Amino acid sequence: MGKDTKLILDPLADNNPITIQVLGICSALAITAELEASIVMSISVLFVLGVGNVVISLMRNIIPSKIRIIVQLIVVATLVIIVDLVLKAFAYELSKTLSVFVGLIITNCIIMGRFEAFALGNGPWRSFLDGIGNSLGYAVILIIVGFFRELLGSGTLLGIKILGDPVAKTGLYAFGYENNGFMLLSPMALIVVGIIIWVQRTRNKALIED
Amino acid sequence: MSLKSKLHNLKEKYKGTKMAPAFNALHTFLYLPNETTHNGTHIKAADDLKRTMNTVIMALVPCLIYGMFNAGYQHYLALGEIEAANGFLGGSFWTLDNLILGAWQVLPLVVVSYGVGLAVEFLFAVIKGHEVEEGYLVTGMLVPLIVPVDIPLWMLAVAVIFGVVIGKEVFGGTGMNILNPALTIRAFLFFAYPTWMSGDKVWVHGAVERAGTPDAISGETLLGAYAQNSSLPGIDYWDMFWGLIPGSVGETSKFLIIIGALFLIFTKVGSWRIMLSTLIGALVMGLIFNGVVDAGWIPDTSKFYGLMSVPFWQHLIIGSILFGAVYMATDPVTAAQTNKGKWIYGFLIGFISIMIRVFNPAYPEGVFLAILLMNVFAPTIDHYVVQGNVKKRMKRLKVKTA
């Protein structure tokens, strides 16, 4: 496996930002009640982290190290505002669902973490790949969690009724099935993330730390 | 050849294979095992874990049998087919009709609870290669007693899987869990399927399917009624004490719970400190609320007035606080371990239970939430009790050496 491919593939599983580094949990719990919101959030983070990493990497030799956090914050804030405005213009309903959490991408530890740990010490191309890889790793978990929470909590996927209509009692609901309201609450998102971590570490024992 | 020796042969034959724990569990369950517990220090006694568990189950059996009668009684009473029973030995209560209907409803709950729970335990024992632990025996008995009689069986099954896996197995199985598994199961049901776990329909068999029809019957609990500033007609304090009221299957009869409590205290399986301090906590909170009402700080139009004005001692007999105090709070794994810690732990359970009961009309019963909350804090309480003791002794040491 080439060094560059590793940058993309590593964060997807063995160095996943959420399940291994346990960063960015907050948004993973807050906005995953619907799959659509998870996907949009993932795309937003993909954009912010991909572009941000390149920008920081290009500036890495001229940023005085004493004020580097401020510079990073300005870069990330600019990008987040762009995302926020685009969402408000073209997907207003969704931006209302995501509400404050788009703005809170600024505080997402994954982004500052990658700026600090990677972009400040590597060239633009490699930083770009690293940003894409990490946000894809974030996206994978968000989409898995969103998938289960929407399917079991509301019986829908992307708003399409998969399990039947709970009011008209069609599909599974005809047999007495009911949506699991707990799935829509944040504690259950934490438990789902926990189960993913459990499964992952059972499959790869090397990931278990003491 | 007897069943026992057959099982013994099977046990020897499968020794070291993957299926060994399953046979061992069956053997241990039916007969006295030839070995005793060797790890998990949650109960410090000379006898085997199984005997402790069986004592609790014996204390629960009267509640279960009473629950069956009561399920039938409440159903027929709501339909108007029988007269209200006067007192514990009332003629219209201990009838075969009541028992048959109640058993038809309650026994499936018991079977599902044990079947699913033990299946999960067996699965984990086989995967992890340890012995099947007896811990589920009590949980499996508690679960049917703390759910409404009409809960759909598949919901119970899902909740039991969740409770055993997330509440217990992920922490390392029996003796390692932070939360009481039975209450984890109830909390899961409560938040996942609130329409089946609360409200004014689910507590009497048949009330849900009749809702909206001319035959509709009320299935409300006393607490639910009080929370809406009203009451249920025709129920006096003795009915509450004997348990002739709608509620979860096994928690209505305060009389039988007290007998079970005495049995647990006498056999030294349950901690009297926790039971007593829980009741004290509940009474103190009840007195505070009564004081607030007496002082006129709260108008009688307030939505809290109904439950706040309940005389403090009645809080012990209208809800499930007694059941929680005797069978749930005393769980030796999740409770505080130190004696001083037990007093604090129990007191706060009672205190918070009544607080949730009064202030949160959406959850008319707060006992299970209070116990789960204090389960989480129990290790912290113990830590400070132990540290306090260490400090005291250090001081004594200094005085001596100085």
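The values are calculated or read from the model by the stated rules, or taken from the named source; none is laboratory data. Since this is a predicted model, take the numbers as computed values, not measurements. All Cβ positions, even for glycine, are placed from backbone atoms using ideal geometry, and neighbour counts span all protein chains on display.
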Consider segment B:118-176. How many of its residues are within 13 Å of chain A (Cβ to nearest Cβ) and within 28 Å of B:Ile65 (Cα to Cα)? 14
So which helices (runs of 4 or more DSSP H) stay within segment A:33-139 end to end and still have 1 or more residues that are within 12 Å of the chain's Cα centre (by Cα)? A:35-59, A:100-103, A:109-117
Output the residues belonging to segment B:304-319 that are assigned to a loop (DSSP other than H, G, I, E, B), of a type outside the set (Phe, Trp, Tyr), touching a residue at least 24 places away in the same chain (Cβ under 8 Å) and surrounded by 14 or more Cβ atoms within 10 Å (Cβ to Cβ). B:Val310, B:Gly319
When you go through (1) within 17 Å of the chain's Cα centre (by Cα); (2) more than 12 Å from chain B (Cβ to nearest Cβ) one by one for A:Ser154, which number turns out not to apply? (1)
Restricting to segment A:173-186, count the residues that are modelled with pLDDT of 85 or more and more than 7 Å from chain B (Cβ to nearest Cβ). 3
Test B:Val106 against the criterion of being surrounded by 17 or more Cβ atoms within 10 Å (Cβ to Cβ), modelled with pLDDT of 70 or more and either of a type in the set (Val, Ile, Thr) or on the phi > 0 side of the Ramachandran plot (or both), and give yes or no. yes
Give segment B:67-77 a look and list any residue that's within 16 Å of the chain's Cα centre (by Cα) and surrounded by fewer than 24 Cβ atoms within 10 Å (Cβ to Cβ), or say none. none
Checking the conditions here, which among B:Val333, B:Val293 is among the β-branched types (Val, Ile, Thr), buried (at least 16 other Cβ atoms within 10 Å of the Cβ) and more than 27 Å from B:Leu60 (Cβ to Cβ)? B:Val293
Enumeration of residues in segment A:187-210 that are among the polar types (S, T, N, Q) and away from chain B (no Cβ under 11 Å): A:Gln200, A:Asn204
The residue from B:Phe122, B:Phe69, B:Phe162 that alone is under 16 Å from B:Trp203 (Cα atoms) and either of a type outside the set (Val, Ile, Thr) or not assigned by TED's automatic domain parsing to the domain that holds B:Gly324 (or both) is B:Phe69
For A:Thr170, which of the numbered conditions (1) within 13 Å of chain B (Cβ to nearest Cβ); (2) polar (S, T, N, Q); (3) more than 29 Å from A:Ser44 (Cα to Cα) fails to hold? (1)
In segment A:80-133, which residue that is among the small types (Gly, Ala, Ser) and in contact with a helix residue (DSSP H, G or I) (Cβ under 8 Å, 6 or more places away or on another chain) is nearest to A:Asn16 (Cα to Cα)? A:Gly133
Could you grab me the full set of residues in segment B:177-196 that are within 12 Å of chain A (Cβ to nearest Cβ), crowded, with 22+ Cβ neighbours inside 10 Å and among the polar types (S, T, N, Q)? B:Thr184
